Each structure stands twice: as structure tokens, then as C-alpha cells.
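Structure, as C-alpha cells:
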Amino acid sequence: MALGLVCGCAALQPGPPRPWPLPDPALAPFQGQVEQAVRVDGGGRSAEFLALVDCERGVVTLAGLSPQGQRLVKVRWDARGMAVEADPAVAAHFDGALALRDLVLARWPVAALQRSMQGSRWALRQTPDQGRTLSLDGRIVVAVSPDGGTVAHLQEGYRVTVRALPAE
């Protein structure tokens with residue numbers, strides 16, 4: 001099953017994404033490291049990269065690598081917040097914080113996500129045949145496929161597809 005890591009690429013989205021509240025990183029649905037191939041399509045362009053996600057003891061680390069293995073971004077998220085390190089040459093084209101937010105939206109437990117959104121303008125809904133939808137003020141802005149492998153940013157007009165890589 002795909003972990004559902006996704007990436008926001010600024011070059012493919014026409015405007016800053018709206019951040020939604022995040023749950024506790026300690027509620028990660030797995031422990032250890034996962035590797036995935038990620039493809040982002042939007043605006044007639046596409047980008048591909050490798051994503052490494054590590055969840056250990058309440059700390060989630062995401063590293064986005066180019067197909068050649070160059071580190072594009074590293075995001076570290078724990079109870080204190082999120083810290084992003086990005087290669088200056090790609091920082092304008094790659095949003096590591098959004099990549100992590102998409103991962104959380106696709107894979108964290110629904111109840112934890114819904115608790116984190118209580119009292120905000122955001123709402124999460126999940127159905128077996130439709131997957132997850134994230135709404136802002138009642139308008140769906142993000143849709144996640146039932147398997148978590150595709151995340152569509154409806155307002156920004158781009159789609160992220162994730163393919164799990166086989167373990168070595």
C-alpha cells in the first residue's frame with residue numbers, strides 16, 4: 001500500500017496553498033522509513049522525484065530527492081513545529097511543507113485529522129468509495145483517492161500521484 005506521500009510544486013500551482021491544521025506527529029500511522037516515487041502534474045507540466053519519509057518517536061522527517069539523488073528539500077516535523085531546509089536553486093519550485101501536509105492528509109488517522117481541524121474553517125470527510133475530501137468553508141479544495149495514492153488540489157489545479165518503491 002502506498003504511504004501517500006505527496007509534494008506541492010510551486011511551479012505547478014498558481015498561488016500559495018492554504019495551510020490546514022495538523023494533528024500530533026506522534027500519531028504517525030507507521031514507524032520506520034518508506035521510499036516512494038512521486039509525480040506532480042498540473043498546468044501542462046510535470047515533475048518527478050523520490051521521497052523518503054522517516055517516522056521515529058514523534059518525529060517525522062521528509063526528504064525530497066531529484067531523480068539523480070540530489071536533496072531538494074528536508075522537512076522535520078515534531079511537537080514543536082515544522083522546520084524546512086531547501087536547496088536555494090529549487091526552493092521556489094518545491095514546497096516541502098505542503099508535501100508533508102499532503103502526506104499527513106493522505107495517511108494520518110481520520111479521527112486525529114478531524115480533531116486537529118475542530119474550531120477551524122477546515123473539515124475532513126472520508127467515505128469508502130470516494131476517499132478523503134478536505135473542505136474549506138464547505139467547499140472541497142483537496143480530494144484524496146481511496147487508496148491514498150492520488151491527491152488532487154482542486155483549486156490550484158494540480159494532481160500528485162505516488163507509487164511505493166519495493167523494499168531492497
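No lab work stands behind these numbers, since they all come straight from the coordinates. From a predicted model like this one, the values you see are computed outputs, not experimental measurements. In this analysis, Cβ positions are derived from the backbone assuming ideal geometry, glycine residues included, and neighbour counts consider all displayed protein chains.
Things worth noting here:
- When the Cα positions of 120, 84, 140 are compared along the charge dipole of region 64-168, 120 comes out farthest toward the positive end, with charges on each C-beta of Lys, Arg, Asp and Glu.
- Kirkwood Rh (inverse of mean 1/r, distinct Cα pairs), the chain, angstrom: 15.8
- Compared with the alpha-carbon gap, the fully stretched path from residue 65 to residue 164 is longer by 34.2 nm at 0.36 nm per residue.
- Ellipticity estimate at 222 nm from DSSP helix runs (n ≥ 4, -39,500 (n - 2.57)) divided over the chain, nearest 500: -3500 deg cm²/dmol
- Other residues lying with their Cβ under 12 Å from the Cβ of residue 46 contribute a combined charge of +1, Lys and Arg counting +1, Asp and Glu -1.
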